[in-house]
Amino acid sequence: MSALEALAVVLAGLAAGTVNTIVGSGSLITFPTLLAVGYSPVVANVTNTLGLVTGSVSGTVGYRRELEGQGRRARLLGVYAVAGGLTGGLLLLALPGKVFEAVVPVLILVACALVALQPRLARRAARGRAGRVGRSREHGLVLPLGVFATGIYGGYFGAAQGVILIALLGISLQDTLQRLNALKNLLAALVNGVAAVLFVFAADIAWGGAALLAVGAVVGGQVGAKVGRRIPPLALRAVIIVVGTAVALRLLLT
C-alpha cells in the first residue's frame, strides 16, 4: 500500500466514523476504499468490520450522556445484538467467498436505498412516537427480534445497519431521537465488536488496513458526536448513495 493509499484509508475511516455516529452507513465509504487499494471483497469486509469497531465505540462514548437511564433496555437489546452479530459473522465465515462476492453488490444497493429512504423512515418513526402518547413496544418481541435480524445483517456485511436500527428504535420506543441515536450507536458497536472478535481468530484480516481505518474512525466518532450534525443531511446522503451505487455497479459488471 502506497502512502497515498494509506492516507485515503485513514480519511475514509474518519468519514465513516463521523457518518456512522450520525446516520449509520459509513461502510459505504470504507468498503469501496478498501476494494480500491486492492483487497478482495471478503478480506475488505472483515478488515472493514474490525477497523470501524473503534469508531463505533468512540461514537458511543461521545453519546454517553444520552445513554443515561437506558441501562435496562440496552442490556436486553444488547443480548440480541450480540447474538445477531455472532450469527452474521459465522455465516460470512461458513459460506464460500464466492457467495459473498455474488451478493455484496445487492447488499450495497439495498444499503443505498435505505440511506435514500432514511428521511422517510425518520418521519414515520416520529409519527409512531407521537401517536403512542406514553405507550412503548419495548417489552414485546418485535423490537428484540428486529435487533437480532439487523445484527445478522451487520455481522455479515453491515452497511447501513445503523439506519435500520434507528428506524426500529424510533417506531418501537417513545424517547427523544438523540437518546435513540445513542442506543443505536451502542447496539452497532456490540454487533461490530462481536463480529470483529470472531474475525480476529477465524478470518484473513489485512491488519495494516484495519489499523489505518481504526485511527481515522476514532477521530470520526468524536467528530460525529460533537459537530457532525452540522453536515447538511442531503449532501451527506447524496455522496453516500452515489459512491455506493457506483461501487455496486462496478462489482456487478466485473
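The values are calculated or read from the model by the stated rules, or taken from the named source; none is laboratory data. This structure is a prediction, so every number in the text was calculated from the model and none was measured. Please note: Cβ atoms are built from the backbone with ideal geometry, for glycine as well, and neighbour counts cover all protein chains shown. Note: accessible area is taken over every heavy atom of the protein model, side chains too, but ligands, DNA and RNA are not part of it. Shrake-Rupley method; radii C 1.70, N 1.55, O 1.52, S 1.80 Å.
Count of the range 31-60 residues, restricted to those that are surrounded by fewer than 24 Cβ atoms within 10 Å (Cβ to Cβ), in a helix (DSSP H, G or I) and hydroxyl-bearing (S, T, Y), is 1. No other residue among A167, A210, A214 is at pLDDT 80 or above, under 22 Å from E101 (Cβ atoms), hydrophobic (A, V, I, L, M, F, W, C) and not in a loop (DSSP other than H, G, I, E, B) apart from A210. Are any of the residues in the range 15-27 open to solvent by 20 Å² or more (accessible area, probe 1.4 Å), hydroxyl-bearing (S, T, Y) and either modelled with pLDDT of 90 or more or more than 21 Å from L90 (Cα to Cα) (or both)? No, because not a single residue in the range 15-27 is open to solvent by 20 Å² or more (accessible area, probe 1.4 Å), hydroxyl-bearing (S, T, Y) and either modelled with pLDDT of 90 or more or more than 21 Å from L90 (Cα to Cα) (or both). Does the range 70-84 include one or more residues that are without any contact (Cβ under 8 Å) to a residue 24 or more places away in the chain, surrounded by fewer than 24 Cβ atoms within 10 Å (Cβ to Cβ), farther than 15 Å from L187 by Cβ and over 16 Å from the mean Cα position of the chain (by Cα)? Looking through the range 70-84, none of the residues is without any contact (Cβ under 8 Å) to a residue 24 or more places away in the chain, surrounded by fewer than 24 Cβ atoms within 10 Å (Cβ to Cβ), farther than 15 Å from L187 by Cβ and over 16 Å from the mean Cα position of the chain (by Cα). If the condition is being over 16 Å from G158 (Cβ atoms) and loosely packed, with under 15 Cβ neighbours inside 10 Å, then the range 102-116 contributes only A102. For the range 89-99, does any single residue satisfy the condition of being closer than 21 Å to E5 by Cα and assigned to a helix (DSSP H, G or I)? No, every residue in the range 89-99 fails to be closer than 21 Å to E5 by Cα and assigned to a helix (DSSP H, G or I).
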